Amino acid sequence: MDCLVFEAAGKHLGIEARYIYRIADETRVAPVPLLPSCHVGMIYYRGELFDVIDAGQLLGNEARISTQPPYVILLKWHQKNLGLIPERIAGMTGVEEENHYGMVFTKEGLAIHMMTPENIWKRLSDLPYGH
């Protein structure tokens, strides 16, 4: 299985390639009030709106200083759009099938925590609003 590997909150995270729409750079994120603190805002990209989430902050890190991220990983699935701001993008890699702990390993032995857009969306939906 091919996946995009990125870093956030001190972890290597991966998302299956089939969910990746684009890696956008030089985007302007418009803030939206009264949403969870990890919800950075919205972007309009090629005719579509994407909610933009700080992946590190979603996983418990402090808020980043820069309000305009260098890259946003754009995900599309089941008529939903989501943008993730990573700390760093490592690139595409082939991995073994996911084990029951949500982990995969690269050929080099790097442990990657796999995420799905649905898991991210659920985690975001469970956060308190108005912060």
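Just to verify a number: FRET efficiency for Tyr44 and Ala111, C-beta to C-beta distance, R0 = 30 Å, to 0.05?
E(calc), rounded to 0.05, equals 0.25.
Residues with amide H under 5 Å of Tyr21's amide H, sequence separation 5 or more or different chain, H placed in the peptide plane at 1.01 Å from N; which?
HN-HN under 5 Å from Tyr21: Leu74, Leu75, Lys76.
Compute the longest continuous run of the chain that contains no exposed chymotrypsin sites (Phe, Trp or Tyr not before Pro); treat a site as exposed when its DSSP state is not H, G, I, E or B and it has at most 13 other Cβ atoms within 10 Å.
That would be 1-100.
If you take the beta carbon distance between Ala30 and Asp2 as r and set R0 to 35 Å, what does 1/(1 + (r/R0)^6) give as a FRET efficiency, to the nearest 0.05?
With a Förster radius of 35 Å, E is 0.65.
Whole-Hz Karplus ³J(HN,Hα) for segment 31-39, in order, using 6.51 cos²θ - 1.76 cosθ + 1.60 and θ = phi - 60°, x for Gly and Pro?
x, 10, x, 6, 10, x, 4, 6, 7
If you build a Gaussian network model of the chain, linking Cα atoms that sit under 10 Å apart, which residue out of Pro117, Pro69, Pro33 swings the most?
Residue with maximal mean-square fluctuation among Pro117, Pro69, Pro33: Pro33.
Could you give the nm distance between label points at Lys122 and Arg18, where each point is 7 Å from its Cα heading toward the beta carbon?
Inter-label distance under the simple model: 1.8 nm.
What is the log10 of I(q)/I(0) for segment 2-125, computed with the Debye formula using one identical point scatterer on each Cα and no solvent, at q = 0.10, 0.11 Å⁻¹?
Taken in order of the listed q values, log10 I(q)/I(0) reads -0.28, -0.35.
Name the residue, out of Gly60, Gly41, Gly109, whose mean-square fluctuation peaks in a Gaussian network model built on the chain with Cα pairs under 10 Å.
Taking springs between Cα atoms under 10 Å, the residue moving most is Gly109.
No lab work stands behind these numbers, since they all come straight from the coordinates. Nothing here was measured: the structure is a model prediction, and the numbers come from that model. Counting neighbours? That spans all protein chains shown, and the Cβs are built from the backbone with ideal geometry, glycine included.
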